[in-house]
Every structure is written in C-alpha cells, then in structure tokens.
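Following: one structure in structure tokens, then a few remarks.
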Amino acid sequence: MDEPNATFAVDAERLSALGVGEEDALTPLDGVDNAEVLARAAELNAAYRDASPADVLRAALDAFPGRIALVSSFGAESAVLLHMAARVDPSVTVLFIDTGLLFGQTLDYRRQLSKQLGLADVCVLTPSPEDNATLDPMNVLWKSDTDACCGFRKVAPLDRVVAGYDAWITGRKRFHGGDRLRLPVFEAVDGQVKVNPLANMSKAALDAYAVEHELPPHPLVAQGYPSLGCWPCTSPVADGADVRAGRWAGSEKTECGIHVARAKPARPRAF
Ligand code: SF4
C-alpha cells in the first residue's frame, strides 16, 4: 500500500477514534483535505445524531458559516425543512433545480412558499442551454435515457454551484427506504459534508409538524402525488403505497443522481 499522505498521518489517531477508515481518508479529491472533512462529519454526527432537526440545522449553520447551502425541490415534503431553516436563519441560501420539466404547480409553490416563509436567498439553478441544445433539443431524452436526462438537467446544474460550498443540507429521510435506510445526520461525501436534519423523522412526525405550523401543502399532494419530480417521470400512487413509488414508476431507477457519490473536480474555496 502507498505511504499515507501527510494529512492522514496528522489525523490518523483522531480518525481512528471516530471509526473512519484509512482508505476512506486517502480517497483522492483534488484540492480537498478529505481526512479533515471525514473527521468533521464524524464528530458532528456523533454529537447530533439524536438531536432535533432544528438543533441539527443550527449546528450545521454554525459549523459552516457562509459556506453551506440548503438544496430543496419544493416538493411534497419540502415545507417542513424550509420552515425550520427559515426560523433558524431566513438568509440561508436555498438551491432549487428547475429542470425545465417540472410541474407548473411546483414552480408556483416555490414562489409562494419562499415568500410566505421569508426565505431571502432562493437561487434557481437550470440546465446549461448548450447541454440542452446538444443532448436533448426536443426535450424527449427522458423517454430513452433517464440517467442522461437527470445528468444534464439535475446533477450537472447542482454540481456546478454546490461545489463552491463546504457543506449542503438535504431533506432526505430514512422512512423513504432504499439507500436512505441508514442515512446519518451528518455524512462526508466527495470531500463535502452533507447534512440530513430530517433523517430520523417519521412520516407521522413530518405531517404533524406541517399541521402544527399550518404549512401549505404542495397542491399536487391532494391529487395522489406523495413525492414530486419532473412531470414525465412522476405518477400518482395508490393510498398506502411507498412514498417514492411514483418516481420513475415501472423502471429500476430510484434516484435522480444528485445524492450518488462521485468524485468532484477541484473546487473553489470561496463562493
Ligand atoms: S426526472 Fe425525468 S424528466 Fe426529470 S431530469 Fe430526470 S429523467 Fe429527465
């Protein structure tokens, strides 16, 4: 095996105590001190794994002042996390990916909810026009290659911007199942810290929070959509079905790809 790099050598004892493996710490990431990122995520997770979502949010915003953004789809369950974030810091940067194929109701909901919650910095990310013209000029790629379509419409626009932050906040929950069943509250992915304040929250607790705070539901929830994405790839589901059963229904695909670990290029340290 190669000699450990200087960073790992310095942090080996600390990482070992946190249960972080040597191979993880040595993952090559251009311009990123991955051992430090792994250690920070592990320490924060140990401290806040059983904390309330609001306390997790506060800890995350304190740990990465000005260097953290919240990513939201303004979908069926988004209002809870956005409401919590607005209470902790309404100036937090919120990143919203408009793929160009979202339901019109989602675009309206994004505008209305942002205003209602007083979110002051909602940034709309879009696919690059060049990619759209080259890869999907007729906007029908979703019919033949959903991974490629999500790649240029969702993953690439987010990667371009989120790469400028040290950490980002997601709305994922364990009750969504699949790869999310073991979701930690803080995790290190590709040289960044990802924060999942709602990881521990049950569907019942989520719904109760929305009722308690009179949060407006996404208008399509009442029409049978418990999870929302682009209109070509989202179907209504029967009562009691899995929350994400209507996403890419009838195919093997379960995730758009923004939460799939991938090596990132060297990223700027300020944004
Ligand atoms: S969800 Fe469907 S339409 Fe939207 S980007 Fe992915 S494949 Fe394309």
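Just need the relative contact order of the stretch 49-233 here, percent rounded to a whole number, with Cα pairs under 8 Å and 6+ apart. Before the final figure, lay out each step's value.
On the way: 265 pairs, mean separation 56.3, N = 185.
So the answer I get is 30 percent.
Could you work out the local net charge near D89, counting Lys and Arg as +1, Asp and Glu as -1, over the other residues with Cβ closer than 12 Å to its Cβ?
Values: positive: R58, R87; negative: D62, D121.
Neighbour charge sum, excluding D89 itself: 0.
Read phi for every residue in the stretch 222-228 and hand back ³J(HN,Hα) as whole Hz from Karplus 6.51 cos²θ - 1.76 cosθ + 1.60, θ = phi - 60°, with x for Gly and Pro.
With the stated coefficients, the stretch 222-228 comes to 5, 9, x, 10, x, 9, 10 Hz.
If you bin every alpha carbon distance in the stretch 49-233 into 5 Å steps from zero, what whole percent lands in each bin?
Using 5 Å bins, I get a P(r) of 1, 8, 16, 20, 21, 18, 11, 4, 1, 0 for the stretch 49-233.
Based solely on C-alpha atoms, express the radius of gyration and the Dmax of the stretch 64-137 in angstrom.
Answer for the stretch 64-137, Rg first and Dmax second: 13.7, 42 Å.
Could you list H259, H218 so that the one with the fewest beta carbons within 10 Å of its beta carbon is first and the one with the most is last? Each step should come with its number before you reach the end.
Values: H259 16, H218 25.
So the residues, fewest neighbours to most, are H259, H218.
Every read-out reported here was derived from the displayed coordinates using simple, explicitly stated rules and does not represent laboratory data. Just so we're clear, the structure is a prediction, and the values are computed from it rather than from any experiment. Counting neighbours? That spans all protein chains shown, and the Cβs are built from the backbone with ideal geometry, glycine included.
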